[in-house]
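The values are calculated or read from the model by the stated rules, or taken from the named source; none is laboratory data. Worth saying up front: this structure is predicted, and the values here are computed from it rather than measured. Every residue, glycine among them, receives a Cβ derived from its backbone with ideal geometry; neighbour counts consider all protein chains shown.
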Amino acid sequence: MEERMTRITRYGRKVKTTFISTMFAACIAIVIGIPFVSKNMFNNDVGYYSISIRGTHVGAANTEEEVNVALANARLQLSQQLDDYIYMDCDVQIDKENRAIASRMSEKQLESSIYSQLFDCILDVEKQLAYTVRIDDYTVNLSSKQDVEELFSKLIQPYNRADEFEPVIKSSSAADGTYIVSIDKNEETTVQDTQIVASFFEDSTGSNGESKKTPDEIQSIGFAQNVSVNAVYADKVEVSTVQEAYDTITKVNDTNVYYVAKEGDTLESIAKDNNISVEDLLKLNDKLKEDTVIVPGDELVMTVPESDITVVTTKQLSYEEDYNAEPEYLDDNNNYRGTNYILDEGTTGHHSVVATVTYENGKEVARQITSENITVESKPAKIAVGTLTPPTYIKPVSGGTFSSGYGSRWGTTHYGVDWSCSQGTSVKASRDGVVTRAGWYSAYGYCVDIQHEDGSMTRYGHNSKVTVTAGQQVKQGEEIALSGNTGDSTGPHVHFEIWIDGRRVNPLDYVNKN
């Protein structure tokens, strides 16, 4: 019995010792193992990447590269299935996740999930990539750069018959992506032009002695307006065809401009020089009448046909012609300004020239001779130019209504002009001079004649009262009579005549009727 108890006691001690050893080993393992577990649980390099579109979680992959590859493939798949440009409202966000446990996808699965989400982002918008052509303030949208080049080819075609030039759309360094339109000349054509011009002066006559002329050589083609092109996204309905754009740009509209009258201008000469009828000119200038005297400095409204584009071309012309040297102008201190006469007509010469001519929409606007070979020299003409200040006339009555002009009237000739006015209106001297008549004069009734320093004379008829006497010196604007209805007259008015070199002239060539 005692021996049995001893064995049990020894066994219990052994179990106790084994338990203590096991617990000690476990504690050591826990102490040593905890840092490794913690490191794996919280290491930032361990985790996955998730992708969200428009705030909705789409899927996850082990690496960011896998997510980007799946996104790129989904976009490629979408673009391949749709023929046109598409517009999407999709906010794509890729986030790094640090949870140790999560659901990952293969690249194919993730690609499919992203594709479905992107498809739902497509906006129903009728837009496309387009190119905006800007010509100053005018704009038009075309669908491609090829259309832009075709448009400018059509615009320059009337001036580019030999297809020597072609439009080129060049990228600029501007941050807004602006393209520059350049009209370039073929290099082969440039070489040929140089050879032709050089040969012109080497031999200006053919083998038979006849004059030789080279063809017109275009040096450049451009535009007067600022022209640029920008790539934009535009509604399809806002994109024009090349023909539609061409028709709109080249449409001619009448534009009002001001013409400043110069010495010698009349309504007829202004109308003729500007390809407009006198009737249309009067409609544009409602204050003008057919007998209005135009004086230098007067501004007249004109209409000129203009389009949104002005094609500027320069040509190099080589030709032979007769020419006249610039005349020499000599002062003539015995005549008034505007009175010129020829002292010597000079002679005509002959020369061969190369000239640079500038055209706007085919109309010549400038010519400059760049080279000249004179074969027969021209002797310049000599012209005497009056230097004296010409006399001025003023309307003889303030106010009044213009009632009759110079010329044919009632089957006879009316040699003056009339202003109807109230009885007793002050009549004034049109110029300084000496009164040579002051009294009754046949059909003129009470009449005043004034002789002027240059030999001209002015007459004032049908007055009710004369307020000067013969031989009296009068100043311009000084009262000489009161208007009336005397003599051969049908109502109160002032009759005014101007006599130059012993004959009556139209007073409206010297004074305004209003």
Filtering the stretch 254-302 down to residues that are of a type in the set (Lys, Arg) and more than 16 Å from Asn506 (Cβ to Cβ), which residue is surrounded by the fewest Cβ atoms within 10 Å (Cβ to Cβ)? Lys287
Just to be sure I understand the filter: pairs with C-beta atoms under 8 Å, separated by 6 or more residues or on different chains, first member in the stretch 287-300 and within 16 Å of Ile394 (Cα to Cα) and among the small types (Gly, Ala, Ser), second member at pLDDT below 80 and surrounded by fewer than 16 Cβ atoms within 10 Å (Cβ to Cβ). Which pairs pass? none
Checking Ser489 against (1) modelled with pLDDT under 95; (2) part of a strand (DSSP E or B); (3) more than 19 Å from Val505 (Cβ to Cβ), which test does it fail? (2)
Please work out which one of (1) assigned by the TED database to the domain that holds Asn256; (2) over 30 Å from Gly405 (Cβ atoms) is the condition Asp298 fails and give its number. (2)
Does Thr358 meet the test of being surrounded by 11 or more Cβ atoms within 10 Å (Cβ to Cβ), over 16 Å from Thr314 (Cβ atoms), of a type in the set (Ser, Thr, Tyr) and free of Cβ contacts under 8 Å to residues at least 60 places away in the same chain? no
For the stretch 492-514, give me each residue that is β-branched (Val, Ile, Thr) and in a strand (DSSP E or B). Val494, Ile498, Ile500, Val505
Is it the case, given these coordinates, that Arg503 is outside the structural domain of Val295 (by the TED database) and closer than 21 Å to Tyr336 by Cβ? yes
Which residues, counting only those in the stretch 130-144, are assigned to a loop (DSSP other than H, G, I, E, B) and either touching a residue at least 40 places away in the same chain (Cβ under 8 Å) or among the aliphatic types (A, V, I, L, M) (or both)? Asp136, Ser143
For the stretch 165-181, what are the residues that are assigned to a loop (DSSP other than H, G, I, E, B) and modelled with pLDDT of 90 or more? none
Going residue by residue through the stretch 81-88, is there one that turns out to be in a helix (DSSP H, G or I) and either at pLDDT 70 or above or in contact with a His (Cβ under 8 Å, 6 or more places away or on another chain) (or both)? yes
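Table: residues versus (1) farther than 30 Å from Gly477 by Cα; (2) without any contact (Cβ under 8 Å) to a residue 40 or more places away in the chain; (3) within 43 Å of the chain's Cα centre (by Cα).
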{"residue": "Ile369", "(1), (2), (3)": "yes, yes, yes"}
{"residue": "Val376", "(1), (2), (3)": "yes, yes, no"}
{"residue": "Gly386", "(1), (2), (3)": "no, no, yes"}
{"residue": "Pro391", "(1), (2), (3)": "no, no, no"}
Only one of (1) surrounded by 14 or more Cβ atoms within 10 Å (Cβ to Cβ); (2) modelled with pLDDT of 85 or more; (3) of a type outside the set (Asp, Glu) does not apply to Ala234, and that is (2)
Index of the failed condition, His495 passing every other in (1) closer than 20 Å to Pro390 by Cα; (2) surrounded by 18 or more Cβ atoms within 10 Å (Cβ to Cβ): (1)
Kindly indicate which of Leu76, Leu71, Leu110 is over 30 Å from Val237 (Cβ atoms), under 51 Å from the mean Cα position of the chain (by Cα) and at pLDDT 80 or above. Leu71
